[in-house]
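Please read the structure below before turning to the comments.
The values are calculated or read from the model by the stated rules, or taken from the named source; none is laboratory data. What you see is a predicted model, and the numbers here were worked out from it, not measured in a lab. Quick reminder, even Gly has a Cβ in these numbers, built from the backbone with ideal geometry, and neighbours come from all protein chains shown. Heads up: the accessible areas ignore ligands, DNA and RNA and are worked out on the full protein's heavy atoms, side chains in. Shrake-Rupley method; radii C 1.70, N 1.55, O 1.52, S 1.80 Å.
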Amino acid sequence: MNFTAAAIAEFLGGDVEGDPKASINDVSKIEEGREGTLSFLANPKYEKYIYQTRATIVIVNQDFKPVKECPSTLIRVKNAYEAFASLLHLYEQSKPRKSGVSKLASISESAVLGKELYIGDFTVISDHVSLADGVQIFPQVYIGDHVKIGEGTILHPGVKVYEGSEIGAHCVIHAGAVIGGDGFGFAPNQENNYKKVPQLGKVIIEDHVEIGANTTIDRATMGATILRKGVKLDNLIMIAHNVEVGENTVMAAQTGVSGSTRIGKNCMFGGQVGLIGHISIADGVKIAAQSGIPKSIKEEGSIVQGSPPLDFTHYQRCYVVFKNLPNLRNQVNELERKVSGLTQ
Amino acid sequence: MNFTAAAIAEFLGGDVEGDPKASINDVSKIEEGREGTLSFLANPKYEKYIYQTRATIVIVNQDFKPVKECPSTLIRVKNAYEAFASLLHLYEQSKPRKSGVSKLASISESAVLGKELYIGDFTVISDHVSLADGVQIFPQVYIGDHVKIGEGTILHPGVKVYEGSEIGAHCVIHAGAVIGGDGFGFAPNQENNYKKVPQLGKVIIEDHVEIGANTTIDRATMGATILRKGVKLDNLIMIAHNVEVGENTVMAAQTGVSGSTRIGKNCMFGGQVGLIGHISIADGVKIAAQSGIPKSIKEEGSIVQGSPPLDFTHYQRCYVVFKNLPNLRNQVNELERKVSGLTQ
Amino acid sequence: MNFTAAAIAEFLGGDVEGDPKASINDVSKIEEGREGTLSFLANPKYEKYIYQTRATIVIVNQDFKPVKECPSTLIRVKNAYEAFASLLHLYEQSKPRKSGVSKLASISESAVLGKELYIGDFTVISDHVSLADGVQIFPQVYIGDHVKIGEGTILHPGVKVYEGSEIGAHCVIHAGAVIGGDGFGFAPNQENNYKKVPQLGKVIIEDHVEIGANTTIDRATMGATILRKGVKLDNLIMIAHNVEVGENTVMAAQTGVSGSTRIGKNCMFGGQVGLIGHISIADGVKIAAQSGIPKSIKEEGSIVQGSPPLDFTHYQRCYVVFKNLPNLRNQVNELERKVSGLTQ
């Protein structure tokens, strides 16, 4: 599909500066602009790229004043970033959507299927599963017994959902994610062996949750492991049994949360963060990448770093001294020598 | 299924205190007790919950003396935790078990199949595979050529087992785990490229091993990567080529063990621990979460933390000073000023 | 298959010392030598094992002078390691290769298929996919629309490749890896919810790349996430959207690279390393395991450790003082006491 600058400007209610017939069929970042693509300039830090980009059309803010000639056709709008994002959403929605139920899927007769579903090849829908309208399940997905999935949720190829899990509406779960595997619970017995503690709980995922590729969410021992509305998890994250993650909390890749920990809402965790079990994290807490959290964080909105964590700026100050420790030690030894001289 | 307090007490050889007809159909933690559930109180720290729980029935120790009224029906037994755990196992065993060999699986004619198997839809059983009695293989599992699996072992959906791997009896392997992928071995050549070193060894997993979701166990370059009897691995763990993990060693999620490292028995590793290759860890060593281990640990039963690790309590003491480093530096600078005054 | 010492020596152009009819059917490391296996001795550190190994045949360097009797038959060659490696490659190539297109695969009529393909059971080849000659795709793999795969590339069981991804020739992708999942991009809106930023870019993997089990490579927001020629990634690695990894760069397991970071060529990263987004790493940089990289590294060939990283040897020196911090603090306090005495 090709779109002209004139058509895009009309859609956005903007003004063309340059060739209204210039046309694009893809998008690009302004610093990587290629011919035939549409880009945008919002952040002034990137202004230098607009004078050299090869993007055919660039959306800019109404008040943008170029200091040199721009090689691209410009479209001026009120808010360049929002206008561009709205085009991306439009483009995405215009892509052909997978639909229909594959004859190569295995679907239990007891499953309750909504309307306008997509179920791909070699997917398994087990007994008493309930799929709401518009659910899209790609190939090679496994849905265990008694699983419920809400309206419009998308499961990418190879997702595995163990029995009894509940997934809300408008969620996206990426390839290879595992929902509802057993919690890691073993009790040592007299012979120093471990005996498995049966994991009889489940996983509840509320609406608008996104889960990254190969992330794992374990079922509760009893009760439920819960991801509240709007939670966004990146790839390769581990959420252990009986954890609760609050609304709109976001975690970057490879973070791990141990069993029974409760995380507030609107938190942001960097990548490779680790949290011990049975603690609580207040609302709005930000944890820097690779931090290790051995205790509850009670103050809302704290920003922490380290393992165990300190206040972010305090950690930075300590680390400055750490980098200088050999000098500090030498300084102390020199002082000792001098003081020793004075006291003799 | 519903069970009455009378029936549960009879099974456990315990005494009912309250309504013998009170009935439950699920279990709960005492602090999350819901109506219609059975709970237990063993740890005195949780006693406060028994006066407010909504659990319909609570199992308690014979000698439990309430200081207030308990809203639930109680069942008194010798050991409340063990009694509850035995009920969980009973409940789990009573759940309907998957059985039968799916017509939608692909099973080689050369495979040797035991009795009372479950093989799910879209699972592949390759040439010369041997499955002992009672093996349960969920849908979409891949079993490569010449793989052997022992009695009663369960492979959850989507597990991938490369050719030649040997898995013992009564193991549980969770969804998405990969057993027997190539070790990471490359030799640089003259042109600064890497040439793959063929990975011709295998993986041996002994009896009673549990492996978490999306964990990966690489095959040996030559010989075998070995998980000894009773090893328990959580999710997203990496065990590299030629590693050996000793009996009943337990590792939490996202830990990684590099090639050819040998780990003793009865060790416990926290989450996100990393071990370098070609080292040995003695029996009974405990490693705190996120530690990094660059050298062998020779003392049995050591408890270590840090990267590189120190004795656990020593690390804690060092970290206390680390948190105070800016003050320590100021103190030293002040001393220097004073001593400088004295020596002038 | 059995091979005699005479046959192996003839193939390698070497000389037998011992029984020319001694025969082997497997390989082993010299320290783990078993009867009926072939081993080698190249590194003098391992010489002690040649006097006790149970390997039936051992390949040694021409100039090797035993100081005791060797129990094995020896084959003397110019370079023992290279000779052994060439046998491993020969052995690997001699293994029966999977071939043919399974009738249990689901292959779109619009897919363009090369010659001498292997496509396993329950694999999905979607619309407009292009597979070059000699591609081997194991069972339960998903190949999305418009994906291109180059000559001789191998995809192990359960690999998931999202639409539009491009994979070069002679690549190896291990089980459970996910190529082309959505980048982790969300924009907060007025109600403090996150709105998904459409991820419209793709993944480009050049020739001779190897990707480990359960590793995830996210698609770009716009443009492409790129793995250059010869990149080798271990298991459970996360490569985020719009990252570029330079030629022949190697990463150990569980490392994570955040969005839009550019990594030079010939770099080596240890396991569990984390890199923040939007930074650049120069060519030939080595990063120690578990390091955290919050800033660009501009000097080619740097060797760094820590989080944030320091020069490797500097970090080691700082850590020596860190381990001694309680003593240093006591030393400072003692000095303060003395100086206080002097100044009174």
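Scanning segment A:188-199 for residues that are free of Cβ contacts under 8 Å to residues at least 24 places away in the same chain and open to solvent by less than 30 Å² (accessible area, probe 1.4 Å) yields a count of 1. Restricting the search to segment C:251-269, which residues are closer than 25 Å to B:Leu275 by Cβ and open to solvent by less than 20 Å² (accessible area, probe 1.4 Å)? Hits for segment C:251-269 are C:Met251, C:Ala253, C:Gln254, C:Thr255, C:Gly256, C:Val257, C:Ile263, C:Cys267, C:Phe269.
Looking at segment B:127-141 only, could you name the residues that are in a loop (DSSP other than H, G, I, E, B), open to solvent by 10 Å² or more (accessible area, probe 1.4 Å) and under 23 Å from B:Leu200 (Cα atoms)? Step through it out loud before you land on a result.
Kept after step one, since they are in a loop (DSSP other than H, G, I, E, B), are these residues of segment B:127-141: B:127-129, B:132-135, B:138-141.
Then drop every residue that is not open to solvent by 10 Å² or more (accessible area, probe 1.4 Å), which leaves B:127-128, B:132-134, B:138.
The answer is B:Asp127, B:His128.
Could you list all residues from segment B:201-233 that are part of a loop (DSSP other than H, G, I, E, B), within 14 Å of chain A (Cβ to nearest Cβ) and either among the basic types (Lys, Arg) or open to solvent by 10 Å² or more (accessible area, probe 1.4 Å) (or both)? Explain how you work it out, then say what you get.
So the first thing to find is which residues in segment B:201-233 are part of a loop (DSSP other than H, G, I, E, B), and the list is B:201, B:206-209, B:212-215, B:219-223, B:228-231.
Retained after the next criterion (residues that are within 14 Å of chain A (Cβ to nearest Cβ)): B:206-209, B:212-215, B:228-231.
Listed by number, the residues that qualify are B:Glu206, B:Asp207, B:His208, B:Arg228, B:Lys229.
Under the condition of being facing another protein chain (nearest Cβ under 7 Å), within 23 Å of A:Lys295 (Cα to Cα) and not basic (Lys, Arg), the residues counted in segment B:320-344 number 3.
If you go through segment A:258-269 and keep only what is within 12 Å of chain B (Cβ to nearest Cβ) and either of a type in the set (Phe, Trp, Tyr) or in contact with a Phe, Trp or Tyr (Cβ under 8 Å, 6 or more places away or on another chain) (or both), you end up with just A:Gly259. Restricted to segment B:142-166, and to residues there that are more than 12 Å from every other protein chain (Cβ to nearest Cβ), open to solvent by 10 Å² or more (accessible area, probe 1.4 Å) and not basic (Lys, Arg), the residue that is farthest from B:Met222 (Cα to Cα) is B:Gly152.
Working only within segment C:275-292, note down all residues that are farther than 21 Å from C:Ala224 by Cα and of a type outside the set (Lys, Arg). Write out each step before concluding.
In the first step, residues of segment C:275-292 are kept if they are farther than 21 Å from C:Ala224 by Cα; the result is C:284-292.
Those that are farther than 21 Å from C:Ala224 by Cα and of a type outside the set (Lys, Arg): C:Gly284, C:Val285, C:Ile287, C:Ala288, C:Ala289, C:Gln290, C:Ser291, C:Gly292.
Do the conditions hold for B:Asp283, that is, is it surrounded by fewer than 20 Cβ atoms within 10 Å (Cβ to Cβ), under 21 Å from C:Gln316 (Cβ atoms) and more than 9 Å from every other protein chain (Cβ to nearest Cβ)? For B:Asp283, the condition - surrounded by fewer than 20 Cβ atoms within 10 Å (Cβ to Cβ), under 21 Å from C:Gln316 (Cβ atoms) and more than 9 Å from every other protein chain (Cβ to nearest Cβ) - is not met. Scoring B:Lys95 on the criteria (1) under 23 Å from the mean Cα position of the chain (by Cα); (2) surrounded by fewer than 17 Cβ atoms within 10 Å (Cβ to Cβ); (3) closer than 24 Å to B:Ile179 by Cα leaves a single failure, condition (3). For the criterion of being open to solvent by less than 20 Å² (accessible area, probe 1.4 Å), under 25 Å from C:Gly271 (Cβ atoms) and in contact (Cβ under 8 Å) with a residue 24 or more places away in the chain, A:Ala289 fails.
Among the β-branched types (Val, Ile, Thr), outside the structural domain of B:Leu227 (by TED's automatic domain parsing), surrounded by 15 or more Cβ atoms within 10 Å (Cβ to Cβ) and closer than 25 Å to C:Val332 by Cβ: does that describe B:Val339?
Judged against the criteria, B:Val339 is a match.
Is at least one residue of segment C:298-316 free of Cβ contacts under 8 Å to residues at least 40 places away in the same chain and under 19 Å from the mean Cα position of the chain (by Cα)?
Within segment C:298-316, the subset free of Cβ contacts under 8 Å to residues at least 40 places away in the same chain is C:298-316.
Okay, now just the ones that are also under 19 Å from the mean Cα position of the chain (by Cα), so none.
No, because not a single residue in segment C:298-316 is free of Cβ contacts under 8 Å to residues at least 40 places away in the same chain and under 19 Å from the mean Cα position of the chain (by Cα).
Against the numbered list (1) open to solvent by 10 Å² or more (accessible area, probe 1.4 Å); (2) assigned to a loop (DSSP other than H, G, I, E, B), B:Leu236 comes up short only at (1). The residues of segment C:1-41 that are open to solvent by less than 40 Å² (accessible area, probe 1.4 Å), assigned to a loop (DSSP other than H, G, I, E, B) and of a type in the set (A, V, I, L, M, F, W, C) amount to a single one, C:Ala22.
Only one entry in C:Gln272, C:Gln316 is within 13 Å of chain B (Cβ to nearest Cβ) and assigned to a loop (DSSP other than H, G, I, E, B), namely C:Gln272.
Counting only residues that are touching an Asp or Glu at 6+ places or on another chain (Cβ under 8 Å) and facing another protein chain (nearest Cβ under 9 Å), how many does segment A:123-141 have? First the steps, then the outcome.
Residues of segment A:123-141 that are touching an Asp or Glu at 6+ places or on another chain (Cβ under 8 Å), as a first pass: A:124, A:126-129, A:132-135, A:139-140.
From what is left, the residues that are facing another protein chain (nearest Cβ under 9 Å) are A:124, A:126, A:139-140.
Residues flagged as touching an Asp or Glu at 6+ places or on another chain (Cβ under 8 Å) and facing another protein chain (nearest Cβ under 9 Å) within segment A:123-141 amount to 4.
The numbered conditions (1) of a type outside the set (D, E, K, R); (2) within 11 Å of chain A (Cβ to nearest Cβ); (3) in contact (Cβ under 8 Å) with a residue 40 or more places away in the chain are all true for B:His241 except (2). Just one of the numbered conditions (1) in the same structural domain as C:Gln62 (by TED's automatic domain parsing); (2) assigned to a loop (DSSP other than H, G, I, E, B); (3) among the acidic types (Asp, Glu) is not true of C:Glu116: (1).
Quick check on my filter: what residues within segment A:169-184 are more than 25 Å from C:Tyr142 (Cα to Cα) and either open to solvent by less than 10 Å² (accessible area, probe 1.4 Å) or touching a helix residue (DSSP H, G or I) at 6+ places or on another chain (Cβ under 6 Å) (or both)? Listed by number, the list holds a single entry, A:Gly183.
Restricting the first member to segment C:94-106 and to residues that are at negative phi and away from chain A (no Cβ under 14 Å), and the second to residues that are open to solvent by 70 Å² or more (accessible area, probe 1.4 Å) and among the acidic types (Asp, Glu), the beta-carbon pairs closer than 8 Å and six or more apart or on different chains are C:Ser99/C:Glu116. Here A:Pro66 clears all of (1) under 22 Å from A:Asn25 (Cβ atoms); (2) open to solvent by 30 Å² or more (accessible area, probe 1.4 Å); (3) modelled with pLDDT of 90 or more except the condition numbered (1). Condition test on B:Glu35, is it more than 13 Å from chain A (Cβ to nearest Cβ) and either free of Cβ contacts under 8 Å to residues at least 40 places away in the same chain or of a type outside the set (A, V, I, L, M, F, W, C) (or both)? So B:Glu35 fits the description; yes.
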